[in-house]
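Reading through the structure tokens given below for one structure.
The values are calculated or read from the model by the stated rules, or taken from the named source; none is laboratory data. The structure displayed is predicted, hence computed values, not measured ones. Note that we place each Cβ from the backbone using ideal geometry, even for glycine, and neighbour counts take in every protein chain shown.
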Amino acid sequence: MPHFTYKAVNQDGGVIRGSVEGIDAAAVTDSIASSGLYVLKVRQSSERLSAIRRAVFAKRVRRSEIIDFSKNLAVMLKAGVSILVCFSDIASTTENRYFKEAINGMRRKIELGAGFSEAAAACGKVFPDIFIRITMVGEQTGNLEKSLFDVAEHLQKIENLVASIKRALLYPVFAIVSTFGALLFWLMYVLPKVMEMFAQNNIALPLPTRILLHASNICTSYWYLLLALPVGTAILARFLLKYKRVRYHYDYAKIKLPVIRLIVYNRLLALFAEQMRILTVAGITIDWSLAIVSDVIGNEVFREALKNVREEIALGSRISDAIGKQSVFPSTLTKMIDIGESSGSLDSQFAYLSDIYLNRLDDISQKMGKIVEPLVIGVIGGLFAIIIMGLLLPIYDLVSKVGS
């Protein structure tokens, strides 16, 4: 169906811009006018431009804003406030104009007869897929406010998970970038001046010094390649990661490499447990839940394992037995799921597992500096040992020559 952008004025005189699907411009104008807006302009736009616009809007909406929106809407609905009034009140207090436009767009779609989850899905990628699916279940069961509370709690846990990962990576990234930045500065600006002094005194340069000299010449002569290398590597990686087999091996390496595994593997387990918890609480079937989690897990190794789990369950296997056959899942997780499956408290076990892995990841983020520090010190020490050797050996020859 064609996409249209429009400009209209509401009853308060405020200008509203948005996009909507429709059969033609006349039908779009009538539907917008029926919601109480005075239409100023309607123009057809390409589907590609609309998709780009929605993607840009989605990136400008933070997860914390969606969490606040979910909580506020749930509280107002529980108090008996009309959903259209809820949207108007929340939109009036929203500072992010992109999110405000999305909220107003949802309100207009609901006025035209759309369901809540349908209106949220029409906002592009502003709302995550899990938000749309959980609220859809809430609509079907007549308990939308509870679904909004649940999804807000879920998104808050994901937000905490992301914050833990950022804390864990902050120190290593800063240490590596600052070290190599200082090394490049030394090779490009300091070392050439020192080498001029050695050349003026006709000093024979030892091997470490010659290595540093060659490195300095490369950095000075081909500095533009040093700038282009990260960009070229990123482009090449983006191209190669389009292939599923390449992504599989790349994701497998991430969950096996030392140190990196501590963050990536525990993050994936926490994400799996938390997604399964919220979907199980919402009453979604295990098969559908596994399909949803496999779409959002973001790791080909886990996605392949979840696909195998679904196939095993479809053949009549128990959930814990199917998960236990996949080596990517630890035995602790399998045992806890087995207990939950046997006692009928699977949602509680997933909640317990989610808390375990989230706490573990938070603990790792706090200790990551101490874990990585010996490695960083070793690398920095090795680099500066080479630099000191490269400088002191010819200086020693220079002092010996002057003394003789």
*Only residues that are aromatic (Phe, Trp, Tyr) and surrounded by 15 or more Cβ atoms within 10 Å (Cβ to Cβ): list them for region 142-196, please.*
Phe149, Tyr171, Trp186
*asked:* Show me the helices (runs of 4 or more DSSP H) found entirely inside region 82-148 where at least 3 residues are out of contact with any Gly (no Cβ under 6 Å at 6 or more places or on another chain), more than 26 Å from Arg277 (Cα to Cα) and among the aliphatic types (A, V, I, L, M).
replied: 83-92, 97-111
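This table checks each residue for (1) under 30 Å from Gln156 (Cβ atoms); (2) modelled with pLDDT under 70; (3) among the small types (Gly, Ala, Ser).
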{"position": "Phe4", "(1), (2), (3)": "no, no, no"}
{"position": "Gly18", "(1), (2), (3)": "yes, yes, yes"}
{"position": "Ile23", "(1), (2), (3)": "no, yes, no"}
{"position": "Ile32", "(1), (2), (3)": "no, no, no"}
{"position": "Ser45", "(1), (2), (3)": "no, yes, yes"}
{"position": "Leu77", "(1), (2), (3)": "yes, no, no"}
{"position": "Cys86", "(1), (2), (3)": "yes, no, no"}
*Provide a single number: the residues in region 312-355 that are of a type in the set (A, V, I, L, M) and without any contact (Cβ under 8 Å) to a residue 40 or more places away in the chain.*
9
*Are any residues in region 298-327 surrounded by 19 or more Cβ atoms within 10 Å (Cβ to Cβ) and in a loop (DSSP other than H, G, I, E, B), and if so, which ones?*
Asn299
_I'd like to check something: does region 358-368 contain any residue that is modelled with pLDDT under 75, surrounded by 18 or more Cβ atoms within 10 Å (Cβ to Cβ), farther than 30 Å from Pro330 by Cβ and out of contact with any His (no Cβ under 7 Å at 6 or more places or on another chain)?_
no
*Could you check, for region 223-233, whether at least one of its residues is touching a helix residue (DSSP H, G or I) at 6+ places or on another chain (Cβ under 9 Å), surrounded by fewer than 17 Cβ atoms within 10 Å (Cβ to Cβ), free of Cβ contacts under 8 Å to residues at least 12 places away in the same chain and closer than 30 Å to Leu393 by Cβ?*
yes
*Sort out which residues of region 234-263 are surrounded by 15 or more Cβ atoms within 10 Å (Cβ to Cβ) and either of a type in the set (D, E, K, R) or in a helix (DSSP H, G or I) (or both), and write them in order of number.*
Arg247, Tyr248, Tyr250, Asp251, Tyr252, Lys254, Leu262, Ile263
